[in-house]
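Participant: After the structure tokens below, expect a handful of questions from me.
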Amino acid sequence: MTRPPLSPADLRAQCRTGAWTAPTAGQAPGYVQANLVVLPAEDAFDFLLFCQRNPKPCPLLEVCEPGDPVPRRIAPQADLRTDLPLYRVYRSGNLVETVADIRHLWRDDFVSFLIGCSFTFDHVLIRAGIPVRHVELNCNVPMYRTNIPCTPAGRFSGRLVVSMRPLRPGEAIRAVELTAPLPQVHGSPVHIGFPEQIGIDDLNRPDWGDPVPVKEGELPVFWACGVTPQAVALEAKVPLMITHSPGCMFVSDLREHELLTQ
């Protein structure tokens, strides 16, 4: 049975106790969801520059002060060490563990980056009558590494990651119109149809998330994805990097409509 959507505060509280470790797609309708990247201060400037040079996959919502786990602008009662469902820990570019709490790893020099997530505009599409397949199926969105290079910055470089939603042609056009005014959650799609043109050989084998069916008459529509920094971490081989687990986002107190005036 599908669980009713939770509010941001309720969802974060469940994450904090370990009661929620699932993807956050479909939760907290109307609120902005965010990707998380945590880096030591020595790597934070290069990463900030990478985000500025690659705003489609890395639209910054907030950057916390070193050592501060509280996103004071978008969720001042939250704790980034506990309030996401799952975290991934990378050392020297390798995924070493997935955990539900990072308090034991926290350091005074950690800088947290919160990056807009496409789960935010899923609710915009649904309200407009456009079906969102991964929400309908109660699974994670499929995500793919492409052949599109990001603009490098310092030690950070790599290829763009995209998320995919199957839509009929008319729905795809409407989705472009609806998401273009929301650049802080990736904005309009980066590619429509012909996945092989961007280096995706098999839609049934996503690099992250779950495969979803593309029905007859539908087109795969691809948006830039905030998992891109995780792919970049494999290339950069930074000594330590902590991120959200794909699909397991930070849910903020920022309302979706507020992005239109940011």
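The values are calculated or read from the model by the stated rules, or taken from the named source; none is laboratory data. Because the structure is predicted, anything quoted here is derived from the model rather than measured. Neighbour counts are summed over all protein chains in view; Cβ atoms, including those assigned to glycine, are modelled from backbone coordinates with ideal geometry.
Participant: Might you check whether a residue that is within 20 Å of Leu60 (Cβ to Cβ), among the aliphatic types (A, V, I, L, M) and surrounded by 15 or more Cβ atoms within 10 Å (Cβ to Cβ) occurs anywhere in region 206-225?
Facilitator: Taking every residue of region 206-225 in turn, at least one turns out to be within 20 Å of Leu60 (Cβ to Cβ), among the aliphatic types (A, V, I, L, M) and surrounded by 15 or more Cβ atoms within 10 Å (Cβ to Cβ).
Participant: Continuing with this model, one more query. Select from region 146-166 the residues that are of a type outside the set (Val, Ile, Thr) and under 11 Å from Trp223 (Cβ atoms) and list them in ascending order.
Facilitator: Answer for region 146-166, where residues must be of a type outside the set (Val, Ile, Thr) and under 11 Å from Trp223 (Cβ atoms): Leu160, Ser163, Met164, Arg165.
Participant: In region 154-185, how many residues are under 19 Å from the mean Cα position of the chain (by Cα) and not aromatic (Phe, Trp, Tyr)?
Facilitator: 20
Participant: Can you tell me which condition Cys64 does not meet? The list is (1) in contact with a helix residue (DSSP H, G or I) (Cβ under 8 Å, 6 or more places away or on another chain); (2) free of Cβ contacts under 8 Å to residues at least 60 places away in the same chain, and all the others hold.
Facilitator: If we test Cys64 against (1) in contact with a helix residue (DSSP H, G or I) (Cβ under 8 Å, 6 or more places away or on another chain); (2) free of Cβ contacts under 8 Å to residues at least 60 places away in the same chain, just (1) comes out false.
Participant: Right, something else. Could you list, in sequence order, the residues of region 70-113 that are in a loop (DSSP other than H, G, I, E, B) and acidic (Asp, Glu)?
Facilitator: Asp79, Asp83, Asp101, Asp108, Asp109
Participant: Exactly one condition in (1) of a type outside the set (Lys, Arg); (2) at pLDDT below 95; (3) over 17 Å from Val227 (Cβ atoms); (4) not in a loop (DSSP other than H, G, I, E, B) is not met by Pro29; state its number.
Facilitator: (4)
Participant: Being without any contact (Cβ under 8 Å) to a residue 40 or more places away in the chain and outside any helix (DSSP H, G or I) is the filter; apply it to region 164-190 and report the residue that is surrounded by the fewest Cβ atoms within 10 Å (Cβ to Cβ).
Facilitator: If we take residues in region 164-190 being without any contact (Cβ under 8 Å) to a residue 40 or more places away in the chain and outside any helix (DSSP H, G or I), then Ala180 is surrounded by the fewest Cβ atoms within 10 Å (Cβ to Cβ).
Participant: Hey, among Asp68, Asp101, which residue is surrounded by fewer than 19 Cβ atoms within 10 Å (Cβ to Cβ), in contact with a Ser or Thr (Cβ under 6 Å, 6 or more places away or on another chain) and of a type in the set (Asp, Glu)?
Facilitator: The conditions single out Asp101.
Participant: Another question, if that's okay. If Ile200 passes every condition in (1) more than 29 Å from Tyr31 (Cβ to Cβ); (2) part of a strand (DSSP E or B) but one, which one does it miss?
Facilitator: (2)
Participant: I'd like to know if region 32-40 contains one or more residues that are over 16 Å from the mean Cα position of the chain (by Cα) and either assigned to a strand (DSSP E or B) or surrounded by fewer than 21 Cβ atoms within 10 Å (Cβ to Cβ) (or both).
Facilitator: yes
Participant: Assess whether Lys237 counts as being modelled with pLDDT of 95 or more and more than 19 Å from the chain's Cα centre (by Cα).
Facilitator: Spelling it out, it is not the case that Lys237 is modelled with pLDDT of 95 or more and more than 19 Å from the chain's Cα centre (by Cα).
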